[in-house]
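K.L.:
This structure is in structure tokens; I'll ask about it shortly.
The values are calculated or read from the model by the stated rules, or taken from the named source; none is laboratory data. Small disclaimer: the values here were computed from a predicted structure and weren't measured. Neighbour counts run over all protein chains shown; Cβ positions are idealised from the backbone, glycine included. Areas reflect the complete protein model, heavy atoms only, side chains present, ligands, DNA and RNA absent. Shrake-Rupley method; radii C 1.70, N 1.55, O 1.52, S 1.80 Å.
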Amino acid sequence: MMQSRTHTCNELRIGDAGRKVKIVGWMENIREVSASLAFVVVRDFYGITQVVVETEEMMKVFRDITRESTISVEGTVRERASKNPKLPTGDIEVVPEKLEVLGRCRYNELPFQINRSREADETTRLKYRYLDLRNPEVKNNIILRCGVVAALRASMLEHGFLEITTPILTASSPEGARDYLVPARNHPGKFYALPQAPQQFKQLLMTSGFDRYFQIAPCFRDEDARADRSPGEFYQLDMEMAFANQEDVFAVLEDVLPPIFAKYGKYNIASAAPFRRISFNDAMETYGSDKPDLRIDLTVQDATKVLSGCGFEPFAGNTVKAVVVPDFTQPRKFIDQLCADVEVQASSKPYWFRLDENGELVGGISKFVAEKKDAVTAALGLKPGCFVGLASGKRSAAQKTAGVLRKMLGVSVPGHIDTERYEFCWIVDFPMYEIGEESGELEFCHNPFSMPNGGLEILEKAERHEADPLTITAYQYDLVCNGVELSSGAVRNHDPEIMIKAFELVGLGENDVKAKFPAMYNAFCYGAPPHAGIAPGVDRMVMLLAGEDSIREIIPFPMNKNAQDLMMGAPSEVEPQQLRELHIAPVEKD
RNA sequence: GGCCCAGUAGUUCAGUUGGUUAGAACGCCAGCCUGUCACGCUGGAGGUCGACGGUUCGAGCCCGUUCUGGGUCGCCA
């Protein structure tokens, strides 16, 4: 008896002619050219091979097989009479002698055509993901993902990092995203939580004496989805280094990422190390975003001063930001659509005017600008043909709206973005504190466990009102690529004294630190190394590398926007007995 | 939770000012075709126009409600 197969569907070449072979796979298509001549396409993971049918008996057998059934074909390899140069196996075909149906497809109509599944409705694709994944275009993203993960792992090991797994069932953490909770059967009323990130564990590993840790870590957050954010679960290349500072972390990622982006990316141009560094404040001021897409050549300018008192009501008492596009030739309809799109995304209305070819102010709010024409022209560096988009509001709102304006103009006005490249940058010097919008009180801006720039000294100064706490920055950083936030990281605050002081500034104290992060606080009291780390999102990296706009395209079995797995039917109801064991009362239904 | 967009054949879509029997492409079925490779040609089957209600002599189209999906804001230390 022959083995289950002798060759894959991407293996046979002209040199195999005359050989007895057995191939297996899915019957993708049958092209009947006459009553006794047909071509059958067999597809497996590796590729496709053509089987030629030349007898009426064989034709009868093949005609009874539904497409997408799995079959095995034993036969002889033969040189094709008419070759197909587009196929690796295009020089040969298999003349079948023995045919076996291995798994019959019971339906002659599928929910979608396999080779066009990407055009199908996403709900249908997700429900029949196992069919969707048969499409080589869909499957290739998953293969790419394997390659990227393997390369990341290899590179991290090469850089001396140890891969250490951390618990999936752990304790709920009091801050951050909503947790996924798991009821504890043996502890009525108590719950485990799935980790939002292995943050505390990796810091405890540093305190334990491990020097360089990494993990391709599953993270769970019960937050709503976005096109670039999978609901429920995602993966991070989580890493942490002991006796390390910001520079050490940057050096590792600047060494690890570019070669992988160059090798696996859809585009082969990636920024070289060292990546550009932009302070949070500069990013907001110049790009109107803390995740600027540096492929766009437009920037945001301040127009508050030059437009103050121009008489346009929305500008009165507000910050005004401008995005100038030279040689602008788009029609009015384009501008209206752009403004509508910006308003939707920024939830704030943008304004505009133009300088026409003769240098005359036209359109939009030009009549309010007219009086200050010379000053505005000089301040913004305007030339005939310029379009000026404007955003106003409180400082951060104006920046944000201008950022959306910049991005949309950059993407839709030809010539302002080079999409075929990867542009990395670090966003650094995030503020440590902010005034909470609801409370009006001083609050932590981001991670309360980042090391403040200036250490204990600057915190004590702030306490004595000798320094403005709002100007204190943290050793916290984001890695951004093509406008996508790949990662957040920080130099951690490993000193209990500084930690308590940082909490005291927002009206909390030692007891709060202890209560919220007991293990970490206790551990740091036993001599902790200074440490720093970061956790680039694996899914987002693969999405960038694959050139996909939706994160679901690079996840093998994605959930939909509402965090449902349509294929498995999750989440699902469970038996009342299961709930009783877990001390949970069934939900009363209306 | 707010806002925007979409929902018509198995799939992707078109459907004019509200007007006879709702169309196309692909797929499916049948027939023809001896070198196809997105095979070709001929014919056929296939529709609760997401659901409910309203306006109207008449609704796929207008109005209201609702459901589903996608995008986005909030949220994501």
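K.L.:
Exactly one condition in (1) closer than 23 Å to A:Arg145 by Cα; (2) open to solvent by 70 Å² or more (accessible area, probe 1.4 Å); (3) modelled with pLDDT under 95 is false for A:Thr165; which is it?
P.N.:
(3)
K.L.:
Out of curiosity, is A:Leu257 away from RNA strand B (no atom under 16 Å from the Cβ), closer than 22 Å to A:Val149 by Cβ and under 17 Å from the mean Cα position of the chain (by Cα)?
P.N.:
For A:Leu257, the condition - away from RNA strand B (no atom under 16 Å from the Cβ), closer than 22 Å to A:Val149 by Cβ and under 17 Å from the mean Cα position of the chain (by Cα) - is met.
K.L.:
Any residue in region A:60-76 that is among the basic types (Lys, Arg) sitting within a Cβ distance under 7 Å of a residue that is crowded, with 18+ Cβ neighbours inside 10 Å? List the pairs, counting only those 6 or more apart or interchain.
P.N.:
Short answer, once both residue conditions are applied: A:Arg67/A:Met27.
K.L.:
Keeping to region A:312-371, report how many residues are polar (S, T, N, Q) and free of Cβ contacts under 8 Å to residues at least 12 places away in the same chain. Lay out the reasoning, then the answer.
P.N.:
Of the residues in region A:312-371, the ones polar (S, T, N, Q) are A:318-319, A:329-330, A:337, A:345, A:347-348, A:358, A:366.
If we keep only those that are free of Cβ contacts under 8 Å to residues at least 12 places away in the same chain as well, we get A:337, A:347.
Final tally of qualifying residues: 2.
K.L.:
While we're on this one: Report yes if A:Val95 is modelled with pLDDT of 95 or more, within 13 Å of RNA strand B (Cβ to nearest atom), in contact with an Asp or Glu (Cβ under 6 Å, 6 or more places away or on another chain) and outside any helix (DSSP H, G or I), otherwise no.
P.N.:
For A:Val95, the condition - modelled with pLDDT of 95 or more, within 13 Å of RNA strand B (Cβ to nearest atom), in contact with an Asp or Glu (Cβ under 6 Å, 6 or more places away or on another chain) and outside any helix (DSSP H, G or I) - is not met.
K.L.:
For A:Ala17, all conditions in the list (1) surrounded by fewer than 12 Cβ atoms within 10 Å (Cβ to Cβ); (2) over 28 Å from A:Leu131 (Cα atoms); (3) of a type in the set (Gly, Ala, Ser); (4) more than 9 Å from RNA strand B (Cβ to nearest atom) hold save one; what is the number of the exception?
P.N.:
The number of the failed condition is (1).
K.L.:
Let me spell it out: the conditions are (1) under 30 Å from A:Ser4 (Cα atoms); (2) surrounded by 11 or more Cβ atoms within 10 Å (Cβ to Cβ), and A:Asn108 meets all of them except one. Which number is the exception?
P.N.:
The one condition A:Asn108 does not meet is (2).
K.L.:
Please note which helices (runs of 4 or more DSSP H) are completely contained in region A:504-590 and include at least 3 residues that are farther than 30 Å from A:Leu152 by Cα, of a type outside the set (Lys, Arg) and open to solvent by 60 Å² or more (accessible area, probe 1.4 Å).
P.N.:
Correct list: A:510-516, A:576-581.
K.L.:
Only one of (1) touching a helix residue (DSSP H, G or I) at 6+ places or on another chain (Cβ under 9 Å); (2) under 30 Å from A:Arg276 (Cβ atoms) fails for A:Glu460. Which number is that?
P.N.:
Status for A:Glu460: all satisfied but (2).
K.L.:
Mind telling me which of the residues A:Glu137, A:Glu109 ends up being within 14 Å of RNA strand B (Cβ to nearest atom) and assigned to a helix (DSSP H, G or I)?
P.N.:
A:Glu137 is the lone residue from the list that is within 14 Å of RNA strand B (Cβ to nearest atom) and assigned to a helix (DSSP H, G or I).
K.L.:
For region A:382-396, what are the residues that are open to solvent by less than 60 Å² (accessible area, probe 1.4 Å) and in contact (Cβ under 8 Å) with a residue 60 or more places away in the chain?
P.N.:
Within region A:382-396, A:Cys386, A:Phe387, A:Val388, A:Gly389, A:Leu390, A:Ala391, A:Ser392, A:Gly393 meet the criteria.
K.L.:
Continuing with the same structure: Among the numbered criteria (1) over 27 Å from A:Glu11 (Cα atoms); (2) in a helix (DSSP H, G or I); (3) free of Cβ contacts under 8 Å to residues at least 60 places away in the same chain; (4) open to solvent by 40 Å² or more (accessible area, probe 1.4 Å), which one does A:Arg153 miss?
P.N.:
Failed condition: (3).
K.L.:
List the strands (runs of 3 or more DSSP E) that sit entirely inside region A:384-446 and contain at least 3 residues that are more than 28 Å from A:Leu257 (Cα to Cα). Spell out how you get there, then give the answer.
P.N.:
Working: elements: A:387-393, A:424-428, A:433-435, A:442-444.
Hits in region A:384-446: A:387-393, A:433-435, A:442-444.
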